[in-house]
1. Going down the table (K49/K72; K9/K77; K9/K72; K9/K62), which pairs top 18 Å between alpha carbons?
2. Using amide H atoms built 1.01 Å from N in the peptide plane, name the residues 5+ places from N52, or on other chains, whose amide H lies under 5 Å from its own.
3. Can you give the relative contact order of segment 13-74 as a percent, counting alpha carbon pairs under 8 Å and 6+ residues apart?
4. Hey, with R₀ at 25 Å, roughly what FRET efficiency would S35 and I15 work out to, going by the Cβ-Cβ distance, to 0.05?
5. Determine, from the Cβ-Cβ distance of D5 and L50 and an R0 of 22 Å, the FRET efficiency 1/(1 + (r/R0)^6), rounded to the nearest 0.05.
Amino acid sequence: MASSDLEKKAKEAFIDDHFELAVDLYSQAIALSPSNGELFADRAQANIKLQNFTEAVADANKAIELDPSMAKAYLRKGQVLLEIMLLKDCCGLFSSVISSHITLSSCLLKRSISMLDVLISIYLQLIDEFGDYNIQF
């Protein structure tokens with residue numbers, strides 16, 4: 001089966017909430033097209049849904065390595081960092097993406113800003129609860 005066919009089936013599995021199947025199909029597609037960063041970014045999203053955060057970060061990093069201008073890959077990595085509460089790293093990642101020369105679609109930019117809003121809210125809650133001096137990143 002061609003990589004594009006596997007990718008299509010993986011997208012369908014993802015839409016149907018069959019995330020393990022999606023990861024498997026993306027893995028098969030990657031084996032056939034290992035330089036396709038989109039496949040890694042999409043598999044990262046499926047891994048996020050499964051809470052396989054280590055694998056998701058590895059996939060996002062590979063997508064970034066293959067295509068440093070792929071905003072979706074940075075978004076996936078930021079989602080994982082947010083999920084595991086590495087607030088400082090996540091804020092730094094989104095700040096660097098937003099301030100870099102990477103062109104973000106308005107949708108991705110809005111999602112990035114929304115994630116930064118969540119981070120700020122969480123940070124402020126931590127300050128309220130523990131005081132600014134006790135928060136460690």
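1. Those over the limit are K9/K77; K9/K72; K9/K62.
2. none
3. Reported relative contact order: 29 percent.
4. FRET efficiency, S35 to I15: 0.50.
5. According to the calculation, E is roughly 0.45.
None of the figures in this text is laboratory data; all of them are computed from the coordinates on show. Everything numeric in this text was worked out from a predicted model, so none of it was measured. Methodologically, a virtual Cβ is constructed for each residue, glycine included, from the backbone with ideal geometry; neighbour enumeration extends over all protein chains shown.
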